[in-house]
Ligand code: SF4
């Protein structure tokens, strides 16, 4: 079957799934209330978002320079840093670091999703656990994420209870309350965090001047995954780089606020392996946290995308997920409308980063170009403009 036929079947199936629509309508309602509260309490975020858009506009053409600067800073901090031109290069670097037979705990990472990192590590004989609760549910279901921040947005609690019963080999009641389900995952994963050989994460933004990764989260899984194992590996898309630590802070605040949080439970700043100078002021690496810290910056088509005057806007995306709650197509189909990234912006990603024109075409022609996403977007990314440009490129490449 062709990609288009598969896609049509998938998206039509989703559009007629009442349970999916119910789960999404609840999530959308609660997101809109939360974001209005968050922006109402901290209205300065709206001006800060404009500042962040200017930072992105200025620096997105300088990703390679910023990546080199960040690599130097990380090496000075006694970490190791790498620039991968392609997904294959990134996978090879990580495989060489990891080897086989390892226990790995992993935080949610869209870049990891983009290059199929978990599957790759599993194929090489490693035991990998997703530790973000939603991502853990998706992994155990053998499914794929349906939202960039809430990957299991489409799974109702009864299905989670059924799934967890299988995972722990013990029957959980289908009307288990959500707290009980969360506690079950906590107990199951806690042991993995402390036995793991390696923790893998992404990053929300990276300050090139100090090589500092900012990682925003609520669950505490990132703190454990990047703090407990002896080795921390981070995979970061190069578009996440900004020049200074103060720029990175602004990107972080705008990201969490537009992701509907007044403040997240945790923001981790990681610049190197753990160290201490407590005995005779001699700096010694490998204290309580990881002894090794590796960061891989992935290009994977981003520098090429940055050269396009219209489509480069896709690289300004903070992955706050706000646009998805405004999109009328996403409201009835969830992540079935998309590829690795969802909704209209996912079409640009599929075309330029994944180089899957058939998928990109399917998404580009599902998009209504209504522009509701642009209204919500802190970066004011003009998705309709990008979709029209992409359709033009598609038509030209077909010679029609
Ligand atoms: S396109 Fe805009 S609203 Fe959507 S995830 Fe990216 S930054 Fe957020």
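Laboratory data are not the source of any read-out in this text; all were calculated from the coordinates shown. None of the values given here were measured: they were computed from a predicted structure. Glycine also receives a Cβ, built like all others from the backbone with ideal geometry; neighbour counts cover every protein chain displayed.
Here are some notes:
- Once the C-beta distance of residue 44 and residue 177 is scaled by a Förster radius of 35 Å, the resulting FRET efficiency is 0.40 to the nearest 0.05.
- Over the chain, relative contact order from alpha-carbon pairs under 8 Å, at least 6 apart, %: 22 percent
- Cα gyration tensor shape for region 164-275, rounded if a/c is under 1.5, else prolate or oblate: oblate
- Inter-label distance, residue 388 to residue 372: 2.0 nm, where each label sits 7 Å from its Cα along the C-beta direction.
- Distance between region 61-119 and region 176-211 - C-alpha centres, whole angstrom: 18 Å
- Sites residue 68 and residue 269, calculated FRET efficiency, Cβ-Cβ separation with R0 25 Å, nearest 0.05: 0.75
- From most to least packed by mean Cβ count within 10 Å, the peptides 172-183, 283-294 give 283-294, 172-183.
- Taking label points 7 Å from Cα along the Cα-to-Cβ direction, residue 167 and residue 283 give a separation of 4.0 nm.
- Taking a ≥ b ≥ c as the square roots of the eigenvalues of the Cα gyration tensor, an a/c ratio of 1.5 or more together with a/b no larger than b/c marks region 208-271 as oblate.
- Normalising the average separation of contacting C-alpha pairs (under 8 angstrom, six or more residues apart) by the number of residues puts the relative contact order of region 167-231 at 34 percent.
- Full extension of the chain between residue 58 and residue 159 yields a length gain of 31.8 nm, computed as 0.36 nm times the residue separation minus the alpha carbon distance.
- Given R0 = 51 Å, the distance between the Cβ atoms of residue 194 and residue 397 translates into a calculated FRET efficiency of 0.50.
- Our note on the geometry: Cα centres of region 288-321 and region 3-56, 21 Å apart.
- For region 124-274, the share of DSSP beta bridges that are antiparallel, to the nearest 5, is 55%.
- D_trans [Stokes-Einstein, Kirkwood Rh over alpha-carbon pairs] for the chain, 25 °C, 0.890 mPa s, µm² s⁻¹: 113 µm²/s
- Separation in nanometres of the label points that stand 7 Å from Cα toward Cβ, at residue 276 and residue 187: 3.4 nm
- Overall form of region 327-400 per C-alpha gyration tensor (a/c, 1.5; a/b vs b/c): prolate
- By average C-beta atoms within 10 angstrom, highest first, the peptides 275-281, 361-367, 40-46: 361-367, 40-46, 275-281
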